Structures are given as C-alpha cells and as structure tokens.
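Rule-based calculations on the coordinates, nothing more; no lab input. A quick note: this is a predicted structure, and the numbers were derived from the prediction, not measured. All Cβ positions, glycine included, derive from the backbone under ideal geometry; neighbour counts span all protein chains shown.
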Amino acid sequence: MFQNLTDRLSAVVKNLSGRARLTEENIDETLREVRIALLEADVGLDIIKDFLAAVRERALGQEVIGTLTPGQAFIRVVRDELTALMGEANSALDLAAQAPVVVMMAGLQGSGKTTTTAKLARRLMQHERKQVGLVSCDVHRPAAIEQLRVLAAGIGANYYPSDVSQKPEDIALAALGAARRGFDDVLIVDTAGRLAIDAEMMAEIQRIHGAVAPHETLFVIDSMMGQDAVQTARAFNEALPLTGVVLTKSDGDARGGAALSVRRVTGKPIKFLGTGEKTDALEPFYPDRMASRILGMGDVLSLIEEVEQKVDQDKAMKVAEKLKKGKGFDLQDFRDQLDQMNNMGGMSAMLGKLPGMNNLPENVRERVNDKEFVRLAAIIDSMTPHERRFPAVIKASRKRRIAAGSGTQVQDVNKLLKQFDQMQKMMKKLSKKGGLKNMMRGMRGQMPPGFPMQ
C-alpha cells in the first residue's frame with residue numbers, strides 16, 4: 001500500500017534532507033511535487049488543497065525557516081499533517097458495554113465484509129481473550145451465509161445459523177438472544193452488500209441497526225476503490241451512525257488514496273487495515289506509523305509487534321540453543337524460518353517496514369522475491385528428514401530426485417545447497433563471542449550506497 005506515493009515522497013525527502021536553507025520558492029516547488037504525488041495516489045482535490053495549505057502555513061513559519069536543519073523540519077511537518085489527515089492516533093474497538101457487545105459490519109458487496117468479520121473475530125479471540133459469536137444477515141447471497149459458517153468453524157468462533165427465508169432484522173435479533181444465552185462477549189453481525197449503493201440496501205441495514213443497536217458500526221471498504229471510496233463512504237456515513245472504518249485489500253493497492261480520504265469524508269477513525277487473505281491478516285491502523293511508512297521512514301514498531309505475535313518463540317529458542325551449543329543450523333531449521341517469514345507476509349513486507357529501504361537501488365530491491373522463497377521451501381520439502389539434517393549426503397542421484405519432486409532443476413538444488421552452506425558458515429560466526437559485531441563490520445563495505453547500517 002502507498003508504494004507509488006512512498007516512492008515519490010521518498011525522492012522529495014531525499015532532496016530536502018540535505019538542504020541547509022529553505023525559502024518560500026523552494027517550499028512551493030517541493031509542495032508541487034507533493035501535490036503530484038497525492039494526485040497520483042487518487043486523493044481528492046479538496047483534500048489535497050487543504051493538506052498543502054496546512055503544510056505551507058507551518059513550513060513558512062519559524063517552525064521550519066528558523067531551524068538549523070530546515071529540510072528535516074519540513075519533512076516532520078509533512079509527516080505530522082499526514083498523521084492528522086489519517087486520524088492522529090490509533091482508535092481501538094470500544095468494547096466497554098454490556099455483553100454481548102454488538103459490532104455491525106456494513107459496506108458494498110466485494111469489499112471483503114465477510115472475511116473481515118472472521119478476521120476481527122479471530123483478533124478479538126486471540127488478543128482480547130473474548131468469546132465471539134458470528135451471524136450473517138445476507139439473505140440475498142446464500143453463499144455468504146455458508147462462507148461465514150466455514151470461516152467461523154475455522155477460527156473456533158460461535159456461529160448462529162440464518163436462512164434466506166428470514167428477515168435480516170429477525171436474524172440479527174435471534175442471534176443476539178442466542179449470544180446472550182451462550183454468554184458471548186461480542187456478537188459480530190455481517191450484513192448484505194450490493195454492487196452499488198441503493199435505497200433498498202440502505203433501508204435494510206438501517207432496520208438491522210435499529211433492531212440490535214450495535215455499540216460499534218464499522219464501514220468496510222476496499223482500499224483499491226480510489227475516488228469511488230469517497231462517495232461510498234459519504235453515503236454510508238449519512239445512512240448510519242458509523243463508529244469506525246476498516247480498509248481491506250491494502251496489500252493489493254499501490255496508491256493508498258482511500259486511506260488518505262475516507263477519514264476526512266466520514267470524520268470517523270480508520271480502526272483496522274486488512275493486509276491479506278488469511279484470517280490473521282488484520283492489523284490495527286496507526287496513523288503516525290503509516291505516515292512514517294509513506295515517507296520511507298519505516299515502521300519498526302509494527303514490525304516488532306508482528307514478530308512478537310507471529311513468530312513461534314519455542315522454535316526460535318530451540319534454534320538459538322542449537323547455535324549456542326555449536327550443534328549447527330540444518331535445512332529443517334531453514335525450512336522453519338521460511339514458514340515464520342511467510343507468516344509475517346514475506347520478506348518484501350518485512351523490508352517495507354524498515355527505515356531507508358526505499359533508498360536501496362532498484363536492482364537490489366528486485367532481488368527480494370518472495371516467489372524464490374516458495375521455490376526453496378518446495379525443494380526442502382522434497383528431501384528426506386535425513387537429508388535435511390545432513391545435507392552433505394545429497395549427491396547427484398539424490399539431487400535429481402529432489403529436483404523432480406519439487407518441479408525444479410538440479411541447478412536450483414545446487415544453488416540452494418550453496419546458499420545454505422554460506423548460511424551455515426555465517427551462523428557459526430554468529431555463535432562465537434562478538435560474532436554479530438564482526439559480521440556487521442565485514443558486511444559494511446559490501447552493501448550498496450544508502451543501505452541503512454550503523
């Protein structure tokens with residue numbers, strides 16, 4: 001998300017950071033670049049106009065002009081205004097009400113409401129230790145009812161059945177009663193969508209809202225909609241007392257205009273960001289962290305939180321113990337690391353949260369290919385447990401068998417074994433006293449210009 005905007009603004013940041021002096025003229029020149037970047041990101045014209053006016057007013061004051069490092073001060077102003085545009089701070093789901101707390105999901109068909117319903121349930125169960133019930137009021141699309149039933153079973157949430165012959169508001173009321181009897185902490189109500197906004201749909205979700213009086217009403221919107229998102233957000237905001245927004249499919253959107261527009265249009269906070277198809281791919285939306293990420297400054301806090309939540313700590317400790325005892329790092333350990341990386345969205349997603357990665361040359365960034373990790377995993381999966389523990393036994397006939405089993409070439413198997421041999425040597429160095437410091441010192445001269453190393 002925001003890749004195009006990040007690339008453009010990173011160039012602006014790089015150009016400004018070395019400036020010893022800023023004038024009204026070069027501030028206006030820079031703001032023109034920012035304007036083009038926002039237009040390409042599909043942000044609304046009125047929003048861009050107000051944003052640039054706010055940045056210019058602050059930039060021409062003592063806050064920037066009178067500082068020793070005006071370029072850096074200007075960048076801070078842009079970051080602060082981006083943060084303000086997206087909502088200042090993270091706004092958590094409000095569950096401070098009598099159980100079961102009702103959360104209603106609203107949005108267009110195809111926005112990802114049903115999948116987001118399951119994602120939110122899983123998050124509440126895992127991170128808030130809540131007992132969650134799910135119900136579908138989408139009587140217009142039987143497949144949606146079945147989809148939610150399957151998703152509920154997959155995450156272990158309570159599921160309350162519904163039927164296309166029932167009225168949506170009756171379904172919601174019945175589920176609320178069942179949730180009370182079942183002592184659910186939260187009931188999430190999935191509603192019907194349409195391909196476009198229409199009066200019938202709005203009247204239906206208003207009746208459901210009136211029947212169960214949800215404590216939270218979340219507007220689910222596809223972040224790839226661009227300017228259409230603004231009109232949709234405005235229509236739902238007028239029809240329902242929204243309490244927050246969930247942006248879905250952010251992993252497939254390189255522009256990010258919806259995230260920069262929807263808060264301004266609805267006046268409601270963006271609470272969550274959908275980052276993939278799996279039920280664990282939902283993360284809280286932090287405007288300040290997102291603003292830093294947009295400007296190419298990384299998002300280390302989110303990366304740390306992701307590591308804590310998604311990395312198998314037991315496996316990580318076992319590998320650390322093996323290294324400490326000098327037992328070595330085998331291919332099964334490497335395979336486990338590939339799984340851990342995949343759980344965190346892949347190498348490219350992880351690197352995107354590190355500061356300065358956008359300053360890397362294009363040819364270096366292109367080498368970070370998650371498809372390559374999938375191929376490596378397939379090669380290791382074609383090995384026997386003995387071969388994974390003792391790669392030295394893998395000779396010509398075994399290489400042919402492994403290549404055939406993984407749908408690759410013998411050259412690919414050779415390449416993996418060579419990379420693994422290099423990795424083993426690196427791990428041995430790390431296990432020695434002062435190993436990390438010595439390795440970083442040795443790597444310093446090999447890295448491309450602009451690589452962030454201290």
For 260-268, 90-98, ranked highest to lowest by mean beta-carbon neighbours within 10 Å, the order is 260-268, 90-98
Two pseudo-spin positions, 7 Å from Cα along C-beta at ARG35 and at HIS386, lie apart in nanometres by 7.2 nm
Amide H neighbours of VAL189 at under 5 Å, excluding residues fewer than 5 places away on the same chain, with H built from the backbone geometry, are VAL103, MET104, MET105
